[in-house]
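What follows is a single structure, written as structure tokens, with notes after it.
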Amino acid sequence: NSILSKLATNEEHGENSPYFDGWKAYDSDPFHPLKNPNGVIQMGLAENQLCLDLIEDWIKRNPKGSICSEGIKSFKAIANFQDYHGLPEFRKAIAKFMEKTRGGRVRFDPERVVMAGGATGANETIIFCLADPGDAFLVPSPYYPAFNRDLRWRTGVQLIPIHCESSNNFKITSKAVKEAYENAQKSNIKVKGLILTNPSNPLGTTLDKDTLKSVLSFTNQHNIHLVCDEIYAATVFDTPQFVSIAEILDEQEMTYCNKDLVHIVYSLSKDMGLPGFRVGIIYSFNDDVVNCARKMSSFGLVSTQTQYFLAAMLSDEKFVDNFLRESAMRLGKRHKHFTNGLEVVGIKCLKNNAGLFCWMDLRPLLRESTFDSEMSLWRVIINDVKLNVSPGSSFECQEPGWFRVCFANMDDGTVDIALARIRRFVGVEKSGDKSSSMEKKQQWKKNNLRLSFSKRMYDESVLSPLSSPIPPSPLVR
């Protein structure tokens, strides 16, 4: 390995995590309604497929939106070289869409919209702009497992968890933020900023104004950056409404804050269900960051064909208003159906109002309150129940027994099959059934499963081909 770089040979990507191991198990035995009805159902994918029909209908009604159909007259101009500022109409449409997803309560300047290759590229780019290798960012936990890849792997920065607890529904407290910061200081670690995911992944909760003001005041007081990942802004399906950090900056009492320290990461992967388009956005209130990020964006631009199409679609205000309204309604309906199905067998979830997932409490099913017990339960769910759900330990959760389960990447039939598997499994566990793993597998195989299923394989941030590039994991053999 000495002939390769340290980057090529290190293990900092974060791939050796139960989160990714669940993907490997799914890849090796994917569910199919006819070919493999007893395969693993993918519930580890935070993807929004509930409103793609609305986008398909818009495309049919607006063939000029594509250079591959009636928009062919624009082909030559789009196919030629474009600079990394992006099409003006695209940046204007994105800024307007960001305003709408925040209820029209705040305005965004198209000149501050910087493109990136999905939220992954946007997150990494903003870190490159703000920190040097060895510097650190505070992140409330539990947090998205792939942050280790997106924020750390190539930048060389550190992530320091701000530990949140179930006793207050994992809310961020001033005490926890202060403690994480001071511990880093004692360890001679240079803290350059704090990263918020709002709405939260994996909790599916939104931050209230008081919490946002408290965090913003803390970062300003210590002259460190505040990066707000708001990629789930339009997935809110219940009260309270989503509050963007941009709204907080506009409030009279917060005018003392240094806006140069505030940055927003956004994308269309979750709100529009378009992860394959790789549309990531950096919106910074700092001119130098905007200029630097724009230069760096040349390493991960959004194709001009994609910009052209999205500029047309997002400029259709009637379509956008209907899409956001319908999406919220469908997400709320799916969430209610899924959580009600879990409650039938006594499984509770953290109360949430946003996102494409639930934070499922399986602590009553643990043999012991340990992470080893959590992993044992997770292996049974993967291998016997045949559901890919993600254990809380992969999200840096400090309490064993929590699992993230996604519900928006499948049709109604798939959800019902998944719920049936969960209910049967919990019934077996509570009845004290000591059947062997093989006997339980045979029990699952008796089910006659029928539902529609997408043959594609996915990664939460990168649309993958049919076969996964990740090798099979020994943890799930």
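The values are calculated or read from the model by the stated rules, or taken from the named source; none is laboratory data. Just so it is clear, the model here is predicted, and its values are computed rather than measured. When we count neighbours, we look across all protein chains shown, and the Cβ atoms used for this are built from the backbone with ideal geometry, even at glycine. When the accessible area is computed, the model is the full protein with side chains, heavy atoms only, and any ligands, DNA or RNA have been set aside. Shrake-Rupley method; radii C 1.70, N 1.55, O 1.52, S 1.80 Å.
Of note:
- No other residue among GLY103, GLY118 is out of contact with any Gly (no Cβ under 6 Å at 6 or more places or on another chain) and either at pLDDT 90 or above or of a type in the set (Val, Ile, Thr) (or both) apart from GLY103.
- Of SER187, SER214, all but one fail to be over 22 Å from the mean Cα position of the chain (by Cα), assigned by the TED database to the domain that holds CYS129, over 24 Å from SER267 (Cα atoms) and free of Cβ contacts under 8 Å to residues at least 12 places away in the same chain; the exception is SER187.
- In region 234-264, of all residues being hydroxyl-bearing (Ser, Thr, Tyr) and open to solvent by 30 Å² or more (accessible area, probe 1.4 Å), the one that is modelled with the highest pLDDT corresponds to THR239.
- Which numbered condition LEU159 fails, given (1) touching a residue at least 40 places away in the same chain (Cβ under 8 Å); (2) over 30 Å from ASP321 (Cβ atoms): (1)
- If the condition is being of a type in the set (Asp, Glu), touching a residue at least 60 places away in the same chain (Cβ under 8 Å) and within 20 Å of HIS163 (Cβ to Cβ), then region 362-402 contributes GLU396, GLU399.
- Some residue of region 52-65 being small (Gly, Ala, Ser), touching a Phe, Trp or Tyr at 6+ places or on another chain (Cβ under 9 Å) and open to solvent by less than 70 Å² (accessible area, probe 1.4 Å): yes
- Test set (1) touching an Asp or Glu at 6+ places or on another chain (Cβ under 7 Å); (2) open to solvent by 10 Å² or more (accessible area, probe 1.4 Å) - GLY300 fails condition number: (1)
- The set of residues in region 354-380 being farther than 11 Å from GLY401 by Cα and open to solvent by less than 10 Å² (accessible area, probe 1.4 Å) consists of ALA354, GLY355, LEU356, PHE357, CYS358.
- PHE309 vs. criteria open to solvent by less than 20 Å² (accessible area, probe 1.4 Å) and in contact (Cβ under 8 Å) with a residue 24 or more places away in the chain: no
- In the set ALA293, ALA354, ALA312, only one residue is more than 23 Å from the chain's Cα centre (by Cα) and either assigned by the TED database to the domain that holds GLY204 or closer than 18 Å to CYS51 by Cα (or both); that residue is ALA312.
- Residues of region 126-169 satisfying the condition of being open to solvent by 20 Å² or more (accessible area, probe 1.4 Å) and part of a helix (DSSP H, G or I): PHE128, CYS129, ASN148, ARG149, ARG152, TRP153, SER166, SER167, ASN168
- Any hit, region 385-400, residues being over 22 Å from the mean Cα position of the chain (by Cα), assigned by the TED database to the domain that holds ASN48 and either at pLDDT below 95 or open to solvent by 10 Å² or more (accessible area, probe 1.4 Å) (or both): yes
- Number of positions in region 190-202 that are in contact with a strand residue (DSSP E or B) (Cβ under 7 Å, 6 or more places away or on another chain) and either assigned by the TED database to the domain that holds MET360 or open to solvent by less than 10 Å² (accessible area, probe 1.4 Å) (or both): 6
- Among the residues making up region 1-52, a single one is part of a helix (DSSP H, G or I), among the charged types (D, E, K, R) and within 24 Å of GLY204 (Cα to Cα): ASP21.
- Residues of region 166-196 classified as among the basic types (Lys, Arg) and more than 27 Å from PHE242 (Cα to Cα), total: 2
- Restricting attention to region 10-43, the residues that are of a type in the set (A, V, I, L, M, F, W, C), under 19 Å from the mean Cα position of the chain (by Cα) and either over 27 Å from TRP359 (Cβ atoms) or open to solvent by 30 Å² or more (accessible area, probe 1.4 Å) (or both) total 0.
- Among the residues making up region 68-100, those that are hydrophobic (A, V, I, L, M, F, W, C), open to solvent by 10 Å² or more (accessible area, probe 1.4 Å) and either at pLDDT 70 or above or assigned to a helix (DSSP H, G or I) (or both) are CYS68, ILE72, PHE75, ALA77, ILE78, ALA79, LEU87.
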